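The values are calculated or read from the model by the stated rules, or taken from the named source; none is laboratory data. Computed from a predicted model, the values in this text were never measured in an experiment. Cβ placement follows ideal geometry from the backbone for every residue including glycine, while neighbour counts extend to all protein chains displayed.
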Protein chains: 2
Amino acid sequence: MQKQLTKIQQEILEFLVESKSKGIMPTLAEIANQFGYKNRSTVQQHLQAIEKKGYIKRNSKLSRGIELLLEDKFFIPQPILGEVAAGNPLTIYPDAIDTVELPTIAHMPRDSFLLRVKGDSLKDAYIFTGDIVITNPNIEVENGKIVVAILDDAAVVKRFYKKSDSIELHSENPEYEPIIIKKSYENFKLVGTVVGVYRTMNKKVG
Amino acid sequence: MQKQLTKIQQEILEFLVESKSKGIMPTLAEIANQFGYKNRSTVQQHLQAIEKKGYIKRNSKLSRGIELLLEDKFFIPQPILGEVAAGNPLTIYPDAIDTVELPTIAHMPRDSFLLRVKGDSLKDAYIFTGDIVITNPNIEVENGKIVVAILDDAAVVKRFYKKSDSIELHSENPEYEPIIIKKSYENFKLVGTVVGVYRTMNKKVG
DNA sequence: AATTATACCATACAAATGTATGGTATAATC
DNA sequence: GATTATACCATACATTTGTATGGTATAATT
(Lines give C-alpha, C1' and ligand atoms only; values in the text may rest on other atoms or scores of the structure.)
Protein backbone atom coordinates (compact mmCIF):
# COMPACT_ATOMS: atom_id res chain seq x y z
CA MET A 1 0.00 0.00 0.00
CA GLN A 2 1.26 3.44 -0.90
CA LYS A 3 1.66 6.27 1.52
CA GLN A 4 -0.61 9.24 1.24
CA LEU A 5 0.55 12.08 -0.95
CA THR A 6 0.15 15.69 0.06
CA LYS A 7 -2.02 17.90 -2.07
CA ILE A 8 0.88 19.45 -3.91
CA GLN A 9 2.55 16.10 -4.46
CA GLN A 10 -0.71 14.80 -5.83
CA GLU A 11 -0.95 17.73 -8.22
CA ILE A 12 2.57 17.17 -9.45
CA LEU A 13 1.90 13.47 -9.94
CA GLU A 14 -1.22 14.28 -11.91
CA PHE A 15 0.80 16.61 -14.07
CA LEU A 16 3.24 13.80 -14.71
CA VAL A 17 0.45 11.43 -15.69
CA GLU A 18 -1.07 14.05 -17.96
CA SER A 19 2.29 14.72 -19.54
CA LYS A 20 2.87 11.06 -20.12
CA SER A 21 -0.47 10.80 -21.83
CA LYS A 22 0.75 13.51 -24.19
CA GLY A 23 3.77 11.43 -24.88
CA ILE A 24 6.62 13.24 -23.20
CA MET A 25 7.65 13.46 -19.58
CA PRO A 26 8.55 16.93 -18.36
CA THR A 27 11.92 18.15 -17.17
CA LEU A 28 12.31 19.65 -13.73
CA ALA A 29 12.32 23.09 -15.31
CA GLU A 30 9.06 22.42 -17.10
CA ILE A 31 7.40 21.24 -13.91
CA ALA A 32 8.72 24.28 -12.07
CA ASN A 33 7.33 26.48 -14.79
CA GLN A 34 3.96 24.75 -14.69
CA PHE A 35 3.59 25.34 -10.97
CA GLY A 36 5.21 28.76 -10.89
CA TYR A 37 8.29 27.71 -8.99
CA LYS A 38 11.33 29.86 -9.46
CA ASN A 39 13.61 26.97 -8.82
CA ARG A 40 14.12 23.43 -9.96
CA SER A 41 15.25 22.35 -6.54
CA THR A 42 11.74 22.75 -5.25
CA VAL A 43 10.53 20.32 -7.86
CA GLN A 44 13.46 18.04 -7.15
CA GLN A 45 12.43 17.79 -3.53
CA HIS A 46 8.81 17.14 -4.33
CA LEU A 47 9.84 14.39 -6.71
CA GLN A 48 12.03 12.85 -4.06
CA ALA A 49 9.08 12.81 -1.71
CA ILE A 50 6.81 11.27 -4.34
CA GLU A 51 9.43 8.68 -5.16
CA LYS A 52 9.92 7.86 -1.50
CA LYS A 53 6.23 7.13 -1.28
CA GLY A 54 6.50 4.73 -4.16
CA TYR A 55 4.59 6.41 -6.95
CA ILE A 56 7.40 7.19 -9.33
CA LYS A 57 10.95 6.17 -10.07
CA ARG A 58 13.54 8.73 -11.02
CA ASN A 59 16.27 7.50 -13.30
CA SER A 60 19.39 9.17 -12.12
CA LYS A 61 20.86 11.79 -14.43
CA LEU A 62 18.56 10.80 -17.25
CA SER A 63 16.71 13.74 -18.70
CA ARG A 64 12.93 13.36 -18.63
CA GLY A 65 13.68 10.14 -16.82
CA ILE A 66 10.74 9.98 -14.47
CA GLU A 67 8.93 6.68 -14.60
CA LEU A 68 5.38 6.23 -13.45
CA LEU A 69 4.91 3.23 -11.25
CA LEU A 70 1.45 1.75 -10.70
CA GLU A 71 0.61 2.98 -14.14
CA ASP A 72 -2.70 1.33 -14.37
CA LYS A 73 -3.91 3.16 -11.33
CA PHE A 74 -3.53 6.47 -13.09
CA PHE A 75 -6.40 7.41 -15.29
CA ILE A 76 -6.75 10.33 -17.56
CA PRO A 77 -9.99 11.54 -19.03
CA GLN A 78 -10.23 11.53 -22.80
CA PRO A 79 -13.06 13.22 -24.62
CA ILE A 80 -15.55 11.07 -26.41
CA LEU A 81 -16.74 12.91 -29.44
CA GLY A 82 -20.02 11.19 -29.81
CA GLU A 83 -21.87 8.00 -29.88
CA VAL A 84 -21.85 5.94 -32.94
CA ALA A 85 -24.50 3.52 -33.88
CA ALA A 86 -23.68 -0.01 -34.74
CA GLY A 87 -27.35 -0.57 -35.37
CA ASN A 88 -29.55 2.29 -36.44
CA PRO A 89 -27.85 5.64 -36.88
CA LEU A 90 -27.54 7.84 -33.83
CA THR A 91 -27.05 11.54 -33.66
CA ILE A 92 -23.46 12.69 -33.50
CA TYR A 93 -22.58 15.43 -31.17
CA PRO A 94 -20.54 18.48 -32.07
CA ASP A 95 -18.52 18.51 -28.88
CA ALA A 96 -17.43 15.92 -26.43
CA ILE A 97 -20.47 14.39 -24.83
CA ASP A 98 -18.69 12.48 -22.19
CA THR A 99 -15.27 11.39 -21.14
CA VAL A 100 -13.94 7.95 -20.70
CA GLU A 101 -11.15 7.30 -18.30
CA LEU A 102 -8.48 5.55 -20.25
CA PRO A 103 -5.52 4.18 -18.41
CA THR A 104 -2.25 5.68 -19.51
CA ILE A 105 -1.72 2.38 -21.24
CA ALA A 106 -3.83 3.63 -24.12
CA HIS A 107 -1.89 6.32 -25.88
CA MET A 108 -3.74 8.54 -28.26
CA PRO A 109 -2.04 9.61 -31.43
CA ARG A 110 -2.80 13.19 -32.20
CA ASP A 111 -5.00 12.52 -35.18
CA SER A 112 -7.16 9.77 -33.81
CA PHE A 113 -10.24 10.13 -31.73
CA LEU A 114 -12.47 7.99 -29.65
CA LEU A 115 -16.05 7.04 -30.17
CA ARG A 116 -18.18 4.97 -27.89
CA VAL A 117 -20.30 2.39 -29.58
CA LYS A 118 -23.98 2.04 -28.92
CA GLY A 119 -25.98 -0.76 -30.44
CA ASP A 120 -25.35 -4.28 -31.43
CA SER A 121 -25.34 -4.47 -35.20
CA LEU A 122 -21.67 -5.32 -35.19
CA LYS A 123 -21.96 -7.98 -32.58
CA ASP A 124 -20.71 -10.60 -34.99
CA ALA A 125 -17.60 -8.48 -35.40
CA TYR A 126 -17.35 -8.51 -31.63
CA ILE A 127 -17.95 -4.83 -31.11
CA PHE A 128 -20.47 -4.01 -28.44
CA THR A 129 -22.18 -1.23 -26.62
CA GLY A 130 -19.70 0.53 -24.41
CA ASP A 131 -16.65 -0.34 -26.43
CA ILE A 132 -14.37 2.48 -27.45
CA VAL A 133 -13.48 2.43 -31.09
CA ILE A 134 -10.26 4.15 -32.02
CA THR A 135 -10.91 5.98 -35.23
CA ASN A 136 -8.36 7.44 -37.55
CA PRO A 137 -9.49 9.84 -40.25
CA ASN A 138 -6.17 9.71 -42.06
CA ILE A 139 -6.18 6.08 -43.01
CA GLU A 140 -7.43 5.15 -46.40
CA VAL A 141 -10.76 3.39 -46.34
CA GLU A 142 -10.62 -0.04 -47.87
CA ASN A 143 -13.18 -2.64 -48.78
CA GLY A 144 -14.10 -4.87 -45.90
CA LYS A 145 -12.77 -2.56 -43.22
CA ILE A 146 -14.86 -1.23 -40.42
CA VAL A 147 -15.41 2.47 -40.84
CA VAL A 148 -17.16 5.35 -39.16
CA ALA A 149 -19.40 7.37 -41.43
CA ILE A 150 -21.86 10.20 -41.14
CA LEU A 151 -25.16 9.62 -42.86
CA ASP A 152 -27.81 12.31 -42.68
CA ASP A 153 -26.16 13.90 -39.64
CA ALA A 154 -26.01 10.65 -37.78
CA ALA A 155 -22.94 8.52 -37.24
CA VAL A 156 -22.67 4.82 -37.91
CA VAL A 157 -19.95 2.25 -37.58
CA LYS A 158 -20.22 -0.43 -40.20
CA ARG A 159 -18.23 -2.59 -42.51
CA PHE A 160 -17.47 -0.80 -45.76
CA TYR A 161 -17.87 -2.08 -49.29
CA LYS A 162 -17.42 -0.02 -52.40
CA LYS A 163 -19.42 -1.09 -55.41
CA SER A 164 -19.29 0.27 -58.91
CA ASP A 165 -22.05 2.83 -58.47
CA SER A 166 -22.74 2.76 -54.76
CA ILE A 167 -21.32 2.29 -51.33
CA GLU A 168 -22.65 -0.39 -49.05
CA LEU A 169 -22.41 -0.35 -45.28
CA HIS A 170 -22.90 -3.77 -43.83
CA SER A 171 -23.75 -4.87 -40.35
CA GLU A 172 -22.49 -8.22 -39.25
CA ASN A 173 -25.72 -8.81 -37.46
CA PRO A 174 -28.25 -10.36 -39.83
CA GLU A 175 -31.04 -8.51 -38.06
CA TYR A 176 -29.88 -5.32 -39.76
CA GLU A 177 -30.16 -4.70 -43.47
CA PRO A 178 -27.16 -3.25 -45.30
CA ILE A 179 -27.30 0.46 -45.95
CA ILE A 180 -26.81 1.26 -49.62
CA ILE A 181 -25.73 4.73 -50.60
CA LYS A 182 -25.83 5.85 -54.21
CA LYS A 183 -22.79 7.75 -55.34
CA SER A 184 -24.91 10.76 -56.12
CA TYR A 185 -26.15 11.00 -52.54
CA GLU A 186 -24.67 13.99 -50.80
CA ASN A 187 -25.49 13.61 -47.15
CA PHE A 188 -22.91 10.92 -46.71
CA LYS A 189 -19.38 11.37 -45.46
CA LEU A 190 -16.73 8.92 -44.42
CA VAL A 191 -15.18 9.88 -41.12
CA GLY A 192 -12.41 7.36 -40.76
CA THR A 193 -11.28 3.83 -40.36
CA VAL A 194 -11.61 1.96 -37.11
CA VAL A 195 -8.06 0.93 -36.29
CA GLY A 196 -8.76 -0.81 -33.04
CA VAL A 197 -11.14 -1.54 -30.27
CA TYR A 198 -10.23 -0.91 -26.72
CA ARG A 199 -12.09 -1.96 -23.67
CA THR A 200 -11.08 -1.31 -20.13
CA MET A 201 -11.71 -3.85 -17.45
CA ASN A 202 -12.44 -1.37 -14.75
CA LYS A 203 -16.15 -1.61 -14.79
CA LYS A 204 -17.87 -4.90 -14.81
CA VAL A 205 -19.24 -5.58 -18.21
CA GLY A 206 -21.94 -7.95 -19.33
CA MET B 1 2.49 11.00 -49.94
CA GLN B 2 5.77 10.63 -48.13
CA LYS B 3 9.08 10.40 -49.81
CA GLN B 4 11.02 7.21 -49.63
CA LEU B 5 13.42 6.81 -46.74
CA THR B 6 16.86 5.35 -47.16
CA LYS B 7 17.65 2.16 -45.34
CA ILE B 8 19.49 3.90 -42.54
CA GLN B 9 16.80 6.53 -42.18
CA GLN B 10 14.24 3.76 -42.00
CA GLU B 11 16.21 2.03 -39.28
CA ILE B 12 16.48 5.20 -37.26
CA LEU B 13 12.76 5.84 -37.64
CA GLU B 14 12.02 2.32 -36.47
CA PHE B 15 14.20 2.90 -33.46
CA LEU B 16 12.23 6.05 -32.70
CA VAL B 17 8.93 4.18 -32.93
CA GLU B 18 10.24 1.43 -30.73
CA SER B 19 11.51 3.94 -28.21
CA LYS B 20 8.20 5.69 -28.15
CA SER B 21 6.47 2.42 -27.44
CA LYS B 22 8.72 2.10 -24.44
CA GLY B 23 7.61 5.49 -23.31
CA ILE B 24 10.59 7.73 -23.84
CA MET B 25 12.06 9.26 -26.94
CA PRO B 26 15.83 9.07 -27.27
CA THR B 27 18.32 11.89 -27.28
CA LEU B 28 20.70 12.36 -30.15
CA ALA B 29 23.43 10.81 -28.07
CA GLU B 30 21.34 7.75 -27.36
CA ILE B 31 20.56 7.28 -31.03
CA ALA B 32 24.22 7.70 -31.89
CA ASN B 33 25.09 5.10 -29.31
CA GLN B 34 22.49 2.70 -30.62
CA PHE B 35 23.88 2.85 -34.13
CA GLY B 36 27.51 3.07 -33.18
CA TYR B 37 28.03 6.63 -34.32
CA LYS B 38 30.83 8.52 -32.69
CA ASN B 39 29.08 11.79 -33.18
CA ARG B 40 25.71 13.34 -32.56
CA SER B 41 25.95 15.41 -35.69
CA THR B 42 25.55 12.32 -37.80
CA VAL B 43 22.28 11.62 -36.07
CA GLN B 44 21.29 15.25 -36.34
CA GLN B 45 21.68 15.10 -40.09
CA HIS B 46 19.75 11.87 -40.43
CA LEU B 47 16.94 13.36 -38.38
CA GLN B 48 16.89 16.43 -40.57
CA ALA B 49 16.55 14.20 -43.60
CA ILE B 50 13.73 12.18 -41.99
CA GLU B 51 11.96 15.38 -40.98
CA LYS B 52 12.32 16.80 -44.46
CA LYS B 53 10.57 13.74 -45.80
CA GLY B 54 7.69 14.28 -43.43
CA TYR B 55 7.93 11.42 -40.99
CA ILE B 56 8.90 13.25 -37.83
CA LYS B 57 8.87 16.71 -36.36
CA ARG B 58 11.77 17.96 -34.34
CA ASN B 59 10.96 20.47 -31.65
CA SER B 60 13.78 22.92 -31.66
CA LYS B 61 16.03 22.86 -28.62
CA LEU B 62 13.69 20.59 -26.71
CA SER B 63 15.40 17.53 -25.33
CA ARG B 64 13.87 14.28 -26.49
CA GLY B 65 11.64 16.49 -28.54
CA ILE B 66 11.15 14.32 -31.59
CA GLU B 67 7.50 13.84 -32.54
CA LEU B 68 6.30 10.98 -34.65
CA LEU B 69 3.95 11.98 -37.41
CA LEU B 70 1.70 9.42 -39.17
CA GLU B 71 1.64 7.48 -35.95
CA ASP B 72 -0.91 4.96 -36.98
CA LYS B 73 1.26 3.81 -39.80
CA PHE B 74 3.89 2.75 -37.32
CA PHE B 75 3.43 -0.67 -35.89
CA ILE B 76 5.65 -2.36 -33.43
CA PRO B 77 5.74 -6.07 -32.92
CA GLN B 78 5.02 -7.14 -29.37
CA PRO B 79 5.56 -10.67 -28.18
CA ILE B 80 2.59 -12.74 -27.23
CA LEU B 81 3.67 -14.91 -24.38
CA GLY B 82 1.14 -17.61 -24.76
CA GLU B 83 -2.38 -18.58 -25.34
CA VAL B 84 -4.87 -18.44 -22.62
CA ALA B 85 -8.00 -20.44 -22.50
CA ALA B 86 -11.30 -18.81 -21.90
CA GLY B 87 -12.90 -22.22 -22.03
CA ASN B 88 -10.99 -25.28 -21.00
CA PRO B 89 -7.41 -24.79 -19.84
CA LEU B 90 -4.73 -24.62 -22.51
CA THR B 91 -1.06 -25.30 -22.31
CA ILE B 92 1.04 -22.24 -21.67
CA TYR B 93 4.24 -21.71 -23.55
CA PRO B 94 7.54 -20.76 -21.99
CA ASP B 95 8.55 -18.33 -24.73
CA ALA B 96 6.77 -16.03 -27.08
CA ILE B 97 4.67 -18.00 -29.50
CA ASP B 98 3.89 -15.18 -31.82
CA THR B 99 3.93 -11.47 -32.16
CA VAL B 100 1.14 -9.03 -32.74
CA GLU B 101 1.62 -5.67 -34.36
CA LEU B 102 0.26 -3.18 -31.90
CA PRO B 103 -0.18 0.37 -33.10
CA THR B 104 1.67 2.89 -31.00
CA ILE B 105 -1.76 3.89 -29.74
CA ALA B 106 -1.73 0.89 -27.44
CA HIS B 107 1.01 1.53 -25.01
CA MET B 108 2.48 -1.34 -23.11
CA PRO B 109 3.48 -0.62 -19.58
CA ARG B 110 6.79 -2.21 -18.80
CA ASP B 111 5.40 -4.81 -16.47
CA SER B 112 2.48 -5.95 -18.55
CA PHE B 113 2.42 -8.69 -21.12
CA LEU B 114 0.14 -9.93 -23.82
CA LEU B 115 -1.78 -13.15 -24.08
CA ARG B 116 -3.95 -14.26 -26.92
CA VAL B 117 -7.31 -15.66 -25.98
CA LYS B 118 -8.54 -18.94 -27.31
CA GLY B 119 -11.97 -20.21 -26.53
CA ASP B 120 -15.33 -18.67 -25.93
CA SER B 121 -16.13 -19.13 -22.28
CA LEU B 122 -15.91 -15.39 -21.76
CA LYS B 123 -18.09 -14.51 -24.67
CA ASP B 124 -20.62 -12.92 -22.39
CA ALA B 125 -17.85 -10.65 -21.18
CA TYR B 126 -17.17 -9.85 -24.83
CA ILE B 127 -13.80 -11.47 -25.00
CA PHE B 128 -13.27 -13.78 -27.94
CA THR B 129 -10.81 -16.02 -29.65
CA GLY B 130 -8.05 -13.96 -31.14
CA ASP B 131 -8.37 -11.04 -28.79
CA ILE B 132 -5.25 -9.84 -27.08
CA VAL B 133 -5.61 -9.39 -23.37
CA ILE B 134 -3.25 -6.99 -21.68
CA THR B 135 -2.29 -8.54 -18.39
CA ASN B 136 -0.66 -6.81 -15.48
CA PRO B 137 0.84 -8.96 -12.76
CA ASN B 138 1.27 -6.08 -10.34
CA ILE B 139 -2.33 -5.14 -9.88
CA GLU B 140 -4.13 -6.46 -6.90
CA VAL B 141 -6.64 -9.10 -7.82
CA GLU B 142 -10.13 -8.19 -6.76
CA ASN B 143 -13.41 -9.98 -6.67
CA GLY B 144 -15.28 -9.80 -9.93
CA LYS B 145 -12.28 -8.86 -12.02
CA ILE B 146 -11.09 -10.85 -14.95
CA VAL B 147 -7.81 -12.53 -14.15
CA VAL B 148 -5.27 -14.84 -15.71
CA ALA B 149 -4.32 -17.84 -13.64
CA ILE B 150 -2.26 -20.96 -14.02
CA LEU B 151 -3.97 -24.15 -12.99
CA ASP B 152 -2.05 -27.41 -13.31
CA ASP B 153 0.38 -25.88 -15.83
CA ALA B 154 -2.40 -24.54 -17.99
CA ALA B 155 -3.51 -20.95 -18.26
CA VAL B 156 -7.04 -19.71 -18.01
CA VAL B 157 -8.69 -16.33 -18.17
CA LYS B 158 -11.77 -16.13 -15.99
CA ARG B 159 -13.66 -13.91 -13.66
CA PHE B 160 -12.30 -14.16 -10.14
CA TYR B 161 -14.23 -14.63 -6.91
CA LYS B 162 -12.69 -15.24 -3.54
CA LYS B 163 -14.74 -17.24 -1.07
CA SER B 164 -14.01 -17.98 2.55
CA ASP B 165 -12.27 -21.29 1.93
CA SER B 166 -11.88 -21.41 -1.83
CA ILE B 167 -11.36 -19.47 -4.98
CA GLU B 168 -13.86 -19.63 -7.80
CA LEU B 169 -13.12 -18.91 -11.42
CA HIS B 170 -16.27 -18.18 -13.34
CA SER B 171 -16.99 -18.19 -17.02
CA GLU B 172 -19.63 -15.84 -18.26
CA ASN B 173 -20.78 -18.47 -20.67
CA PRO B 174 -23.31 -20.73 -18.97
CA GLU B 175 -22.03 -23.68 -20.97
CA TYR B 176 -18.96 -23.76 -18.73
CA GLU B 177 -19.05 -24.72 -15.08
CA PRO B 178 -17.16 -22.56 -12.57
CA ILE B 179 -13.78 -23.88 -11.53
CA ILE B 180 -13.52 -24.14 -7.77
CA ILE B 181 -10.10 -24.26 -6.17
CA LYS B 182 -9.71 -25.19 -2.52
CA LYS B 183 -7.28 -23.02 -0.62
CA SER B 184 -5.12 -26.02 0.15
CA TYR B 185 -4.60 -26.77 -3.54
CA GLU B 186 -1.07 -25.99 -4.59
CA ASN B 187 -1.02 -26.20 -8.37
CA PHE B 188 -2.79 -22.90 -8.66
CA LYS B 189 -1.22 -19.52 -9.17
CA LEU B 190 -2.67 -16.15 -10.02
CA VAL B 191 -0.78 -14.52 -12.85
CA GLY B 192 -2.34 -11.11 -13.05
CA THR B 193 -5.33 -8.94 -13.71
CA VAL B 194 -6.60 -8.26 -17.21
CA VAL B 195 -6.47 -4.50 -17.57
CA GLY B 196 -7.61 -4.23 -21.15
CA VAL B 197 -8.54 -5.92 -24.32
CA TYR B 198 -7.17 -4.92 -27.65
CA ARG B 199 -8.29 -6.06 -31.02
CA THR B 200 -6.79 -4.96 -34.27
CA MET B 201 -8.91 -4.33 -37.28
CA ASN B 202 -6.27 -5.38 -39.74
CA LYS B 203 -7.56 -8.82 -40.35
CA LYS B 204 -11.14 -9.45 -41.09
CA VAL B 205 -12.85 -10.88 -38.08
CA GLY B 206 -16.05 -12.77 -37.76
C1' DA C 1 10.46 22.15 23.88
C1' DA C 2 12.42 19.46 20.31
C1' DT C 3 11.87 17.03 16.17
C1' DT C 4 10.12 16.01 11.74
C1' DA C 5 7.76 16.76 7.38
C1' DT C 6 6.43 20.08 4.19
C1' DA C 7 7.14 23.93 1.05
C1' DC C 8 9.65 27.09 -0.87
C1' DC C 9 14.19 30.07 -2.14
C1' DA C 10 19.23 31.10 -4.01
C1' DT C 11 23.51 29.71 -5.79
C1' DA C 12 26.62 26.52 -7.96
C1' DC C 13 28.39 22.92 -11.07
C1' DA C 14 29.40 18.92 -14.01
C1' DA C 15 27.37 16.54 -17.55
C1' DA C 16 24.07 16.17 -21.11
C1' DT C 17 21.90 18.18 -25.01
C1' DG C 18 20.79 20.38 -29.35
C1' DT C 19 22.95 22.95 -32.68
C1' DA C 20 26.45 24.88 -35.92
C1' DT C 21 30.36 24.71 -38.95
C1' DG C 22 33.59 22.55 -41.75
C1' DG C 23 35.62 18.45 -43.59
C1' DT C 24 36.04 13.64 -46.24
C1' DA C 25 34.18 10.12 -49.16
C1' DT C 26 30.93 7.63 -52.18
C1' DA C 27 27.12 6.94 -55.24
C1' DA C 28 23.54 8.69 -58.11
C1' DT C 29 21.75 12.10 -61.20
C1' DC C 30 21.81 15.72 -64.53
C1' DG D 1 31.99 16.85 -65.83
C1' DA D 2 29.27 19.09 -62.39
C1' DT D 3 25.86 18.76 -59.00
C1' DT D 4 23.25 16.68 -55.46
C1' DA D 5 22.07 13.34 -51.88
C1' DT D 6 23.90 10.29 -48.65
C1' DA D 7 26.81 8.91 -44.81
C1' DC D 8 29.99 9.68 -41.78
C1' DC D 9 33.84 12.47 -38.82
C1' DA D 10 35.87 16.31 -35.53
C1' DT D 11 35.50 20.38 -32.94
C1' DA D 12 33.04 23.98 -30.64
C1' DC D 13 29.44 26.37 -27.93
C1' DA D 14 25.36 28.16 -25.49
C1' DT D 15 21.62 26.08 -22.92
C1' DT D 16 19.43 22.75 -20.57
C1' DT D 17 19.29 19.44 -17.15
C1' DG D 18 19.83 16.91 -12.94
C1' DT D 19 21.94 17.35 -8.73
C1' DA D 20 23.95 19.28 -4.43
C1' DT D 21 24.20 22.40 -0.59
C1' DG D 22 22.52 25.66 2.47
C1' DG D 23 18.94 28.70 3.97
C1' DT D 24 13.97 30.37 5.64
C1' DA D 25 9.38 29.45 7.24
C1' DT D 26 5.25 26.91 8.79
C1' DA D 27 2.62 23.16 10.62
C1' DA D 28 2.24 18.80 12.80
C1' DT D 29 3.97 15.43 15.93
C1' DT D 30 6.45 13.69 19.82
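When residue B:54 is tested against (1) within 14 Å of chain A (Cβ to nearest Cβ); (2) surrounded by 14 or more Cβ atoms within 10 Å (Cβ to Cβ), only condition (2) is not met. Note on region B:3-30: among residues that are within 14 Å of chain A (Cβ to nearest Cβ), assigned to a helix (DSSP H, G or I) and over 18 Å from the mean Cα position of the chain (by Cα), the one that is farthest from DNA strand D (Cβ to nearest atom) is B:30. For region A:67-78, the criterion of being under 17 Å from residue A:12 (Cα atoms) and at pLDDT 90 or above is met by no residue. Please verify whether region B:9-21 includes one or more residues that are buried (at least 19 other Cβ atoms within 10 Å of the Cβ) and within 9 Å of DNA strand C (Cβ to nearest atom). No, every residue in region B:9-21 fails to be buried (at least 19 other Cβ atoms within 10 Å of the Cβ) and within 9 Å of DNA strand C (Cβ to nearest atom). Considering only region A:111-124, I want to know if a residue exists there that is surrounded by 20 or more Cβ atoms within 10 Å (Cβ to Cβ), touching a helix residue (DSSP H, G or I) at 6+ places or on another chain (Cβ under 8 Å) and at pLDDT 65 or above. No, that holds for no residue. Evaluating residue A:47 against the criteria (1) more than 14 Å from chain B (Cβ to nearest Cβ); (2) buried (at least 16 other Cβ atoms within 10 Å of the Cβ); (3) under 28 Å from residue B:141 (Cα atoms); (4) more than 8 Å from DNA strand C (Cβ to nearest atom) leaves one unmet condition, (3).
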